[in-house]
């Protein structure tokens, strides 16, 4: 079964793939690698091989067995669009997401061109499902190409994870982007996030009327710096469906996640 999580912008995680390789400066202090490598060599542990790329076909059916609707972060411990993963296995993951369509899935990648090419092929003759959200990681201004690739990809919801924010992102083209998450790095080697970097992303979101979720300032621990930006929390969400609230939130609640749009 998918695993409960402390990540504020999702309900659960599902990892049909674990392990990854570093490709950007944002990967330098990867929390997933740090966690997985603690268990390397422990017989029978899910991370017995540490953070080596490992396919978990036995987990493919898990979302179908989880009957209560959830928002699920797909591959929190990996990246589905690594070139070493066959598109046939990616197909299996997307087949599961399409069948178990009572959930919302959040798929996040740094391999943005491979993601774009895959989605263009898969949804060449049909609309992409609205319940599968596709995002890219952006840690500083070097991530501009990833934003462009995401905008070129067919997806029901497109989002940016600006985390860990380790430098100014510069101008963001938010046309066709439905949600932005911002967060600082956490862990023993956490690099500080400057307030001006976070404010710049917030201001661009406000100008473009794109919902913003400010996750954390980061520090030694994820909660070390709290999650207040200029005296308030930013916990805005995209509308998964304009006529329906998020599965576990009523639209009348304070800060209802499906309907609390950028203000």
What are the pairs, 6+ residues apart or on separate chains, where a residue within the stretch 10-32 that is at positive phi has its Cβ under 6 Å from a residue that is part of a loop (DSSP other than H, G, I, E, B) and at pLDDT 95 or above? 19/51; 19/52; 19/53
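Quick check, is residue 47 closer than 17 Å to residue 13 by Cα, surrounded by 16 or more Cβ atoms within 10 Å (Cβ to Cβ), modelled with pLDDT of 95 or more and out of contact with any helix residue (DSSP H, G or I) (no Cβ under 6 Å at 6 or more places or on another chain)?
Values: closer than 17 Å to residue 13 by Cα: yes; surrounded by 16 or more Cβ atoms within 10 Å (Cβ to Cβ): yes; modelled with pLDDT of 95 or more: yes; out of contact with any helix residue (DSSP H, G or I) (no Cβ under 6 Å at 6 or more places or on another chain): no.
So residue 47 fails the test.
Results for (1) modelled with pLDDT of 90 or more; (2) surrounded by fewer than 19 Cβ atoms within 10 Å (Cβ to Cβ), shown as yes or no for each residue.
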position: 203; (1), (2): yes, yes
position: 210; (1), (2): yes, no
position: 214; (1), (2): yes, no
position: 225; (1), (2): yes, yes
position: 240; (1), (2): no, no
position: 256; (1), (2): no, yes
Taking the condition of being over 18 Å from the mean Cα position of the chain (by Cα) and touching a residue at least 40 places away in the same chain (Cβ under 8 Å), how many residues in the stretch 123-141 meet it? 0
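May I ask you to say which residue of 42, 93 is free of Cβ contacts under 8 Å to residues at least 12 places away in the same chain and either more than 26 Å from residue 112 (Cα to Cα) or out of contact with any helix residue (DSSP H, G or I) (no Cβ under 7 Å at 6 or more places or on another chain) (or both)? Talk me through it step by step, then tell me what you get.
Details: 93 fails: free of Cβ contacts under 8 Å to residues at least 12 places away in the same chain.
That would be 42, the only listed residue that is free of Cβ contacts under 8 Å to residues at least 12 places away in the same chain and either more than 26 Å from residue 112 (Cα to Cα) or out of contact with any helix residue (DSSP H, G or I) (no Cβ under 7 Å at 6 or more places or on another chain) (or both).
The values are calculated or read from the model by the stated rules, or taken from the named source; none is laboratory data. Fair warning: this is a prediction, and the values are worked out from it, not measured in the lab. Positions of Cβ are generated from backbone atoms using ideal geometry, with glycine treated the same way; all protein chains shown enter the neighbour counts.
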